[in-house]
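Each remark here refers to the structure printed beneath this line.
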Amino acid sequence: MRSLLMAAAISLAFTLFLTPVFLRLFRRWGWGQVIRTPEDASNPSHEAKRGTPTMGGIIFILGTIVGYFTGVYAGGSTPALSAILVLWLMLGFGIVGFIDDYMKVKSQRSLGLSGWRKVFGQLLVMIPFGVVALNFPNQFDQTPASGYISLFRDIPWLNLFAFGVIIGWIVYLVWIALVGIATSNSVNLTDGLDGLAAGAGVFVVSAYSLIAFWQFKQSCFSATGAEADVLEACYSVRDPFNLAIVAASFAAGLVGFLWWNAPKAKVFMGDVGSMSIGGVITAMAILTRTELLLLLIAGIFVLSSGSVILQRAYFKITRGKRLFLMSPFHHHLEMRGWPEVTIVVRLWIIAGLLAVSAIGLFYVEWLSLA
């Protein structure tokens, strides 16, 4: 428990107190926000944000790394493979986002990486993650990920390797790539208002930290390595306590960053931040074996991407009509005249309710088996 609290405290302090230092550097380097056109041209409040320091996601990425390793070593433990995989996706997706941000800042245009180049970059990160996650078993023959699709735990009849090893690996890599790309891009779409993505990310990642900690307390493996067959509701998740630590460190880093990112934002996270949030959520969903539960836990991000999909589909079906005034949905609310702060706080409330609901269902499932 000391490791978890230490990791969260260090990460929070890092982002809370060192963000002004990073902002001075960002201004010196000319890392100012580029406002998209033409969609933001109709909203003068967005034009006023031009030049605000961006790529602030770097701050909570570094805070997470410092917090995690400090917490683990302070607790007398060593880093675990599962947590390293979370950091890998956080860093890998963050680098893809950084390249996109840097191209925009350098050219002073909103055109960074094209959609397919961004997807290609995400695949370059997801494939090594998937390969490593399904190899290197520990002394209990556990690998970080599994070859099943999961809800609260692995679903026995959704075996990705049911049709052999070769087909299984292809299906498995396609599945986790789909989860990763959809999640990171959904968070990216949500990052349109001051503090919206960061605040929602706090709820989602904190929920995963609680889930991982509960899995640690109800692990199928005791300290001696004997499997607890008497407890049918136990979890066969590898390194759950380390997963809880890294998620707590990331959530705390987001809280510290939110102090400076809440309306009116002093800094934006940029794609480097939003995509790293997507990477952490993806890794936690896969490694805690709750991929399908992700749809509820991260429902606020699903709302953003879903509204974009619905808008485009409706536009094509009706040959030019629009379902929303603007997508994603939070921009529709802006066009309806809602103040930015009102939208952000209400969507935070929805994000919190969805995360709590998912945790409740997770616990109810455990009660039904215990």
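Looking for something polar (S, T, N, Q), outside any loop (DSSP other than H, G, I, E, B) and either within 16 Å of T288 (Cα to Cα) or without any contact (Cβ under 8 Å) to a residue 40 or more places away in the chain (or both) - is there at least one such residue anywhere in region 128-151?
yes
Just need a number here: residues in region 152-170 that are of a type in the set (A, V, I, L, M) and open to solvent by 60 Å² or more (accessible area, probe 1.4 Å).
5
Looking at V255, V204 in this structure, which one is closer than 19 Å to L353 by Cα and open to solvent by 10 Å² or more (accessible area, probe 1.4 Å)?
That would be V255, the only listed residue that is closer than 19 Å to L353 by Cα and open to solvent by 10 Å² or more (accessible area, probe 1.4 Å).
Out of (1) modelled with pLDDT under 95; (2) in contact with a strand residue (DSSP E or B) (Cβ under 9 Å, 6 or more places away or on another chain), what's the single condition that is false for P137?
Among (1) modelled with pLDDT under 95; (2) in contact with a strand residue (DSSP E or B) (Cβ under 9 Å, 6 or more places away or on another chain), P137 violates only (2).
Here is a check on your reading of the model: is R312 more than 30 Å from F213 (Cα to Cα) and open to solvent by 90 Å² or more (accessible area, probe 1.4 Å)?
Against the criterion (more than 30 Å from F213 (Cα to Cα) and open to solvent by 90 Å² or more (accessible area, probe 1.4 Å)), R312 qualifies.
Looking at region 75-97, I want the residues that are over 14 Å from L134 (Cα atoms) and have a partner that is open to solvent by 50 Å² or more (accessible area, probe 1.4 Å) and not in a loop (DSSP other than H, G, I, E, B) with Cβ atoms under 6 Å, at least 6 apart or on another chain. Which pairs are those?
Qualifying pairs under 6 Å: G75/R2.
Restricting attention to region 222-244, and to residues there that are of a type in the set (G, A, S) and surrounded by fewer than 15 Cβ atoms within 10 Å (Cβ to Cβ), which single residue is modelled with the lowest pLDDT?
Filtering first and then ranking leaves G225.
Among the residues of region 101-117, is there at least one that is within 19 Å of A262 (Cβ to Cβ), surrounded by fewer than 17 Cβ atoms within 10 Å (Cβ to Cβ), modelled with pLDDT under 95 and out of contact with any Cys (no Cβ under 7 Å at 6 or more places or on another chain)?
no
Does any residue in region 290-309 that is open to solvent by 10 Å² or more (accessible area, probe 1.4 Å) come within less than 7 Å, Cβ to Cβ, of a residue that is outside any helix (DSSP H, G or I) and of a type in the set (S, T, N, Q) six or more places away or on a different chain, and which pairs are these?
E291/S150; L292/S150; V308/S327
Taking the residues in region 126-137 that are within 16 Å of I170 (Cα to Cα) and of a type in the set (A, V, I, L, M, F, W, C) as candidates, determine which candidate is surrounded by the most Cβ atoms within 10 Å (Cβ to Cβ).
M126
The values are calculated or read from the model by the stated rules, or taken from the named source; none is laboratory data. Given the structure is predicted, the values throughout are model-derived calculations rather than measurements. No Cβ is skipped: glycine too gets one built from the backbone with ideal geometry, and neighbour counts run over all protein chains shown. Protein only, heavy atoms only, side chains kept; ligands, DNA and RNA dropped before computing areas. Shrake-Rupley method; radii C 1.70, N 1.55, O 1.52, S 1.80 Å.
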